Each structure stands twice: as structure tokens, then as C-alpha cells.
Amino acid sequence: MASRRPQRRRPAPRRRPARRTPTRRYTSRSRRQRQRHAEMIAPGVGVLVAAAVAWTVLSWLVANWWILIVLSAAATVGGAVWIHRLQQQRAWDRVRQQALRYELPQLDALHHRDFEYAIRDLMRRDGCTDARQIGGVGDNGADVLATDPLGRTWVIQCKHRKDGDRGSAVGTPDLQRVNGTARQLYGADVVLVVTNGRFSTRCAPLAAQLRMHLADRRVLATWASGGRPLWELLPKIPAPRNGR
């Protein structure tokens with residue numbers, strides 16, 4: 001018998017991958033219309049809700065009118081107490097300012113910025129209610145600005161020396177710096193340089209020439225520890241403004 005040849009198996013036909021139909025992403029026209037409609041209605045609904053809440057509150061207050069009287073009385077009493085405390089605080093501040101005194105060792109121990117605040121407080125003690133410290137970057141040579149009770153504008157440059165009169169002397173460049181801006185920028189009537197140290201010998205002639213004033217350690221000690229204002233201690237202070 002003839003041997004049978006093994007039958008070859010035919011490979012299975014390859015299946016082609018099914019094509020995916022692209023999904024179209026779109027927003028239907030009716031959906032967009034509903035969104036627009038909701039956006040148009042939302043503000044109106046908010047107004048209606050707010051009006052309903054306001055009407056409810058108003059109706060409740062009308063029905064309970066006595067609560068309005070209690071609240072008004074409480075607000076009146078609270079306002080009166082607040083005003084009284086504010087006036088009392090201001091009165092105490094004036095008392096503290098009038099009693100303010102500094103000794104030279106206290107001033108020597110201050111940081112140079114705190115020294116500027118001390119000069120500001122002394123000016124306030126003497127009636128310059130608007131005295132303020134402005135020293136810092138871009139101060140144009142001015143550390144304290146103030147208006148005295150006679151209407152004169154003061155521009156003060158403060159020069160603090162940690163070692164007092166044993167430290168370096170304040171020189172003419174410091175005078176020239178504040179003189180160049182005090183009258184032009186700040187409209188100064190009195191330009192003053194005050195220090196807890198000393199001035200160089202050239203400062204006094206230059207100050208007289210520039211119509212400036214100097215307060216050295218001696219003048220500062222008299223001013224800070226006593227009750228006389230600075231304009232009573234310095235010579236040739238300009239006349240009061242507006243004929244005061």
C-alpha cells in the first residue's frame with residue numbers, strides 16, 4: 001500500500017481588524033440653547049431670592065419693632081462710650097507728651113532711628129501736633145517735619161552720635177544736604193540740624209550764611225530735659241506766619 005502523504009493544514013485566513021467608526025464630539029444645538037437660557041435666568045433668580053429675603057427680614061422687623069429700638073439704643077450708648085474713651089485717650093496722650101523729658105544718657109543710648117522719633121515727640125510736646133518722622137531712604141535730608149503753634153514749618157535733620165560729643169563732629173556736608181531741599185521741597189521756615197554730639201568749627205559760619213539753625217548737645221540737653229520749646233532756645237527764629 002502506498003503511504004499517505006500528510007495533508008498540509010492551510011493557515012487560517014487573517015482577520016482584518018474592524019474599523020473603528022470615529023466618534024463625533026459635538027454639542028447639540030438644543031443643549032447650547034438650554035445653557036444660554038439658564039445663564040439668562042440665573043441673575044433674575046438671584047435678584048428674586050435676595051428680594052424675598054429682604055422682604056422677609058423687613059416684615060419680621062416691622063412685626064418686632066421693639067428690637068429696632070433696642071438696637072438703636074445700644075448703638076447710641078456704644079458710640080457715646082467709644083467717643084468718651086477716645087477723648088480720654090487723647091487727653092492722656094497730651095498729658096504724657098507735656099510731661100515728656102529726656103536726659104542725655106537716654107538719648108545717647110538710642111538707635112539713630114529712635115533718636116529721630118524722640119525729636120519728633122519733643123516737638124509734639126511743645127505743641128507741634130502734626131510732627132512726624134520721615135527719615136529713611138529718599139528723605140532728601142529731612143528726618144522730622146513739624147508745624148509749630150505759630151504756623152512756622154520746621155524741617156529737622158537729626159545726627160545721632162553713639163559716643164556723644166566724643167564721637168565724630170557733624171560737618172558742613174550735612175548742612176548743605178538738608179539746606180538744598182528743605183525750602184524747595186518742604187517750604188521750610190526753620191531749617192534745623194540737631195545732634196547729641198558736636199559740630200565742626202566750620203558749621204556755625206555756614207549755618208549763619210545759609211540761614212540755618214544748629215542745636216548741639218548743650219542746647220539739646222536744655223530742650224529735652226526742660227519744658228521750654230526749642231524756638232525759645234534758638235536765636236533769630238523767623239517771625240510767626242500770618243501775623244500770629
Query raised in the report: Share of antiparallel DSSP beta bridges in the range 94-244, in percent to the nearest 5?
Result: 40 percent
Report task. Give me the net charge of Pro238's neighbourhood, meaning all other residues with Cβ under 10 Å from the Cβ of Pro238; Lys, Arg count +1, Asp, Glu -1. Result -> +3
Query raised in the report: Given 0.36 nm per residue, what is the gain on full extension from Ser30 to Trp82 after removing their alpha carbon distance, in nm?
Result: 12.5 nm
Report task. Please give the length that would be gained between Ala99 and Gln176 if that part of the chain were fully extended, namely 0.36 nm times their separation in residues minus their C-alpha to C-alpha distance (nm, one decimal). Result -> 24.3 nm
Report task. Return the distance in nm (one decimal) between the two label points of a simple spin-label model at Ala73 and Ser200, each offset 7 Å from Cα along Cα→Cβ. Result -> 7.5 nm
Report summary line: If the chain between His112 and Arg132 were fully extended at 0.36 nm per residue, the gain over the current Cα-Cα distance would be 5.7 nm
Query raised in the report: Over the range 203-244, one equal point on each Cα, no solvent: what is log10 I(q)/I(0) by the Debye formula at q = 0.18 Å⁻¹?
Result: -0.62
Requested in this report: Based on the mean of other Cβ atoms within 10 Å per residue, sort peptides 227-234, 120-127 so the most packed one is first.
Outcome: 120-127, 227-234
Query raised in the report: So how do 150-160, 64-74 stack up, highest first, on mean other-Cβ count within 10 Å?
Result: 150-160, 64-74
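No value in this document is a laboratory result; all are computed from the given coordinates. All of these numbers come straight from a predicted model, not from anything done at the bench. Ideal geometry is used to build each Cβ from the backbone, glycine not excepted, and the neighbour counts take in all protein chains shown.
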